[in-house]
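One structure below.
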Amino acid sequence: MSIKEILKGKISNDELKLVRRSFEIIGDVVVIEIPDEIMHLKDEIVKAILSRHKHVKTILRKIGEVQGIYRIARYEIVYGEKTETIVKEHGCRFYVDPTKVYYSVKLSGERERIAKLVRRDERVLVMFAGVGPYAIVIAKLAKPKEVIGVEINPIAVEYFRKNVVLNKVQDIVKVYEGDVRVVVPKLKGKFDRIVMPAPYSAENFVYLVRDKIKVGGYVHYYTFESRDNESKLPEKVKRLFEENGMEVEVLKVKKCGSFAPYVYRYVVDLKVVDVDDDLC
């Protein structure tokens with residue numbers, strides 16, 4: 001039974017239309033959007049959530065979109081106090097505080113998909129690694145030689161390091177703190193696979209891939225695009241990589257979440273066919 005179904009008959013039909021049907025459960029923390037017009041129904045909405053999810057200890061109302069270099073949304077607490085939680089995902093556990101770091105349960109299936117593509121003894125780079133979900137899920141579900149995660153948010157890095165220990169992948173996952181523009185060029189050697197899970201800005205960092213990906217290696221590039229332009233996305237991404245000195249083959253384009261009406265998050269799986277080492 002959804003929140004709308006629980007509240008039906010308790011509030012007006014006009015108010016019911018404004019109630020969001022879905023919300024995100026991160027461990028024992030719920031993230032929900034409550035429009036200003038129905039904030040007076042906050043307590044009723046909280047009761048409805050708790051009646052369905054009795055393990056929930058905190059409910060956060062989202063009041064601002066993901067923004068800034070740390071990729072954090074703004075929230076206010078409408079129930080409970082503690083915002084740190086532990087999330088379980090694919091046999092892994094992650095310390096997370098959504099008010100301080102970026103984390104989305106909605107990408108859990110996508111992280112599993114990427115992990116299943118990783119081959120034995122691959123060397124993998126995860127840019128914008130956050131608290132480590134991509135890197136750690138890959139380390140636990142696949143058999144990579146090494147996974148390097150780079151993250152700029154110092155709080156996320158602290159959680160990332162704790163999560164590496166929590167999941168006992170210290171021998172595989174290495175954590176680097178800093179801006180990918182500074183850290184990535186200093187990393188030794190090249191990678192078999194690079195993951196770029198920052199759809200807000202990944203296009204600005206494609207140039208870093210050229211010197212760090214092996215010919216024949218794979219890139220998972222995330223971006224936002226309108227539904228009307230989905231058919232143009234493969235050629236658009238291919239051209240972007242060409243402009244940055246890489247010939248790529250588009251293997252797959254997959255929708256993996258919505259961002260706004262008719263705007264979706266996409267991942268484009270690429271195979272690097274050739275690299276222009278002379279490009280300055």
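The values are calculated or read from the model by the stated rules, or taken from the named source; none is laboratory data. Just so it is clear, the model here is predicted, and its values are computed rather than measured. A quick note on method: Cβ atoms are made from the backbone with ideal geometry, for glycine too, and the neighbour counts reach across all protein chains shown. The protein model used for the area step is the full one, side chains on, heavy atoms only, and it has no ligands, DNA or RNA in it. Shrake-Rupley method; radii C 1.70, N 1.55, O 1.52, S 1.80 Å.
Using a Gaussian network model of the chain whose springs link C-alpha atoms within less than 10 Å, name the residue from Tyr95, Tyr262, Tyr218 with the highest mean-square fluctuation.
Tyr262
Where is the GNM fluctuation largest for the chain (alpha-carbon springs, 10 angstrom cutoff): Ala260, Ala202, Ala129?
Ala260
Taking Lys42 as the anchor, which lysines have their alpha carbon closer than 18 Å to its alpha carbon, excluding any fewer than eight residues away along the same chain?
Straight-distance partners of Lys42: Lys4, Lys8, Lys10, Lys17, Lys54, Lys57, Lys62.
If you count only protein heavy atoms with a 1.4 Å probe, what accessible area per residue comes out for segment 1-105, rounded to a whole Å²?
Computed with neighbouring chains in place, this is 56 Å² per residue.
Given the -39500 (n - 2.57) contribution per DSSP H run of 4+ residues, what per-residue ellipticity at 222 nm results for the chain, rounded to the nearest 500 deg cm²/dmol?
-7000 deg cm²/dmol
How big is the dipole moment of the chain about its Cα centre under a simple scheme where the beta carbon of each Lys and Arg is +1, that of each Asp and Glu is -1, and everything else is neutral? Debye, nearest 20, please.
Dipole magnitude for the chain comes out near 1040 debye.
Please give the contour-minus-distance gain from Lys106 to Arg21: 0.36 nm per residue of separation, less the Cα-Cα distance, rounded to one decimal in nm.
That works out to 29.1 nm of additional length.
Within 15 Å, Cβ to Cβ, of Leu166, how many net charges do the neighbouring residues add up to if Lys/Arg are +1 and Asp/Glu are -1?
Result for the neighbourhood of Leu166: +1.
Expressed in nm to one decimal, what extension gain is obtained for the pair Lys255 and Lys8 from 0.36 nm per residue of sequence separation less their Cα-Cα distance?
Full extension from Lys255 to Lys8 adds 85.7 nm.
Between Asp43 and Ser201, with labels modelled 7 Å along Cα→Cβ, what's the label distance in nm to one decimal, could you check?
Each label point lies 7 Å from its Cα, and together they span 4.2 nm.
Counting Lys and Arg as +1 and Asp and Glu as -1, each charge on the Cβ, what is the dipole of segment 1-111 about the Cα centre in debye, to the nearest 20?
The calculation lands at about 320 debye.
Please work out the average accessible area per residue across segment 154-280, using the 1.4 Å probe convention, and give it in Å².
Each residue of segment 154-280 exposes 51 Å² on average to a 1.4 Å probe.
Using modelled amide H (1.01 Å from N, peptide plane; none on Pro or chain starts), what sits under 5 Å from the amide H of Arg265, excluding residues fewer than 5 places away?
It is Cys256, Gly257, Ser258, Phe259, by chain and number.
Can you compute the FRET efficiency between Gln170 and Lys214 using 1/(1 + (r/R0)^6), with r the Cβ-Cβ distance and R0 = 30 Å? Round to the nearest 0.05.
Once rounded, the FRET efficiency stands at 0.75.
Just how much of Cys256 is accessible, in Å², when a 1.4 Å probe is used and the result is rounded to the nearest 10?
It works out to around 20 Å².
Answer with one residue from Leu7, Leu125, Pro197: the one whose Cα lies farthest towards the positive end of the charge dipole of the chain, charges on Cβ with Lys, Arg +1 and Asp, Glu -1.
Leu7
What residue among Leu50, Gly109, Val66 has its Cα farthest toward the positive end of the dipole of the chain, where the charges are +1 on Lys, Arg and -1 on Asp, Glu, each on the Cβ?
Sorting the options by dipole projection puts first Leu50.
Which percent of the accessible area of the chain is formed by carbon and sulfur heavy atoms (probe 1.4 angstrom)?
47
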